[in-house]
Amino acid sequence: MSDTYARSNLAAIDAAHHLHPFSDMKKLNADGARIIQRGEGVYIWDAKGKKYLDGFAGLWCVNIGYGRHEIADAVARQMKELPYYNTFFGTTTTPATLLSEKVVSHAGPHLNHVFFTASGSEANDTWFRMARVYWAAVGKPSKKIVIARKNGYHGSTVAGASLGGMKYMHEQGDLPIPGIVHIDQPYWYGEGGDLSPDEFGLKVARQLEEKIDELGEENVAAFVAEPVQGAGGVIIPPNTYWPEIQRICKARNILLVADEVICGFGRLGEWFGHQHFGVEPDLAPVAKGLSSGYLPVGGVLVSDRVADVLINDVGDFNHGFTYSGHPVCATAALENLRILEDERLVERVRDNIGPYFARAWGALGDHDLVGEAVSIGLMGALQLAADKKTRMRFEKPDAVGALVRNHALANGLVLRATGDRMLASPPLVITHEEVDEMIRITRIALDSAWRELKS
Ligand SMILES: *Cc1c(COP(=O)(O)O)cnc(C)c1O
């Protein structure tokens, strides 16, 4: 099949056969999918040759940027030596074992073990079972319920989608499954009313305590949250939130699970989001930035408290995936972590490009269409608002977000829209000039959308 043939027909083939995740497929098939063909640094090119600055790092994951041949070379070597072997029934491979040591070396001092998966969803399914197995093994089998948050995101498998708090996901397939309940999110702009952010942060954190007391501490296994909600709209919790959550989990003796799938591996300027907020989770699902998306790999970081019980009391945890610790994927992750270390990319987010991005992105807050412009590390959100002063939102938030996103795309910048929040999460290697370009195009997109909305 020639390249020309492939290009002219790919959209039609795609429309005929390919069912896409999270896409309006009728519309997608009519428009034709955008075909992305090449990437280098923070840029991607589509099949028509149009260049885009990828302000979203693929899907929050290409932390080291595109086109890193070191990873391709390491992966090719491993492919030739041993393309696959499992980690079941008493075996391992060199990359899987080396990755287990490397990945926990950057987490909090009490996290010293990892259980590998191939994705973030599988990682969430894994800890969900692990938490219940843990409590049963320590003689508290009634501790089963998991408390999660509205508008949280923990993946698309049955447990992942149930743990998540997305109504539009729950509606499809009769979710959540039993044993999962949701409390409010720390979304001050949208739900804080007249409270100050700090007051609101405490209030929603204390919902956890109230919910545990309502359900009975003896029935609750864990609380799960993203350090900063990603898919929900880059919701950065008020400063009072995390310390209070940590206090409650300790006081009520429930496991704290930090979903680090986005925040892990430098996004917030620390290796993990829990370090940024000074929190000590008992379990931490990871994926995305672990391999910068070059190959699928995820896992659950497990604290000594839980690991000791799994190893010494449970013995055989009847759980695992064919691709747990896949040697080629583990090789990609090892090389990715080497690059993050050698190029000091995490420190760079904290000390250099994060603060630069915060100033540049924050300046967009002066735009008439923007209610607030917030960021943390290299994760940013613009809250679109109909009236800045009263925090009044647009009647059709999804349409306004899509309008800004489409103008950004037309001008060569990939941003994501979640309702009326515009999200940015560029590769950690982005330069100052590239941040400037991002901001310049975002402003053009906001101006164009504003003109259309007024007319
Ligand atoms: C993406 C994501 C997941 C799911 O990961 P997949 O690899 O898509 O299964 C889980 N949790 C969070 C916080 C995520 O952002």
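The table that follows gives values for the structure above.
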| read-out | value |
| --- | --- |
| Positions within the range 395-427 being touching a Ser or Thr at 6+ places or on another chain (Cβ under 9 Å), surrounded by fewer than 23 Cβ atoms within 10 Å (Cβ to Cβ) and among the hydrophobic types (A, V, I, L, M, F, W, C), in sequence order | LEU403, ALA410 |
| Qualifying positions in the range 17-31 - at pLDDT below 95, more than 27 Å from the chain's Cα centre (by Cα) and not charged (D, E, K, R) | ASN29, ALA30 |
| Search result, residues across the range 160-188 that are within 14 Å of the ligand (Cβ to nearest atom), part of a helix (DSSP H, G or I) and open to solvent by 10 Å² or more (accessible area, probe 1.4 Å) | MET169 |
| Test for ALA445: is it in a strand (DSSP E or B) and small (Gly, Ala, Ser) | no |
| Single residue of GLN229, GLN246 found to be open to solvent by 10 Å² or more (accessible area, probe 1.4 Å), within 15 Å of PRO186 (Cβ to Cβ) and of a type outside the set (A, V, I, L, M, F, W, C) | GLN246 |
| 2 or more residues of a type outside the set (D, E, K, R) and more than 16 Å from the ligand (Cβ to nearest atom): qualifying helices (runs of 4 or more DSSP H) within the range 262-375 | 304-309, 327-342, 345-348, 354-362 |
| Flag for LYS143 being away from the ligand (no atom under 15 Å from the Cβ), out of contact with any His (no Cβ under 8 Å at 6 or more places or on another chain) and open to solvent by less than 50 Å² (accessible area, probe 1.4 Å) | yes |
| Any chance ASP213 is under 22 Å from TYR323 (Cα atoms), at pLDDT 95 or above, out of contact with any Asp or Glu (no Cβ under 9 Å at 6 or more places or on another chain) and open to solvent by 10 Å² or more (accessible area, probe 1.4 Å) | no |
| Hits in the range 21-58 (condition: over 20 Å from ILE353 (Cβ atoms), among the hydrophobic types (A, V, I, L, M, F, W, C) and within 16 Å of the ligand (Cβ to nearest atom)) | PHE22 |
| Conditions (1) surrounded by fewer than 24 Cβ atoms within 10 Å (Cβ to Cβ); (2) within 23 Å of the chain's Cα centre (by Cα); number of the one not met by PHE272 | (1) |
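The values are calculated or read from the model by the stated rules, or taken from the named source; none is laboratory data. All figures in this text were calculated on a predicted structure; none of them were measured in a lab. With ideal geometry, Cβ positions are generated from the backbone for all residues, glycine too; neighbour counts draw on all protein chains shown. What goes into the accessible areas is simple: the full protein's heavy atoms, side chains included, and nothing from ligands, DNA or RNA. Shrake-Rupley method; radii C 1.70, N 1.55, O 1.52, S 1.80 Å.
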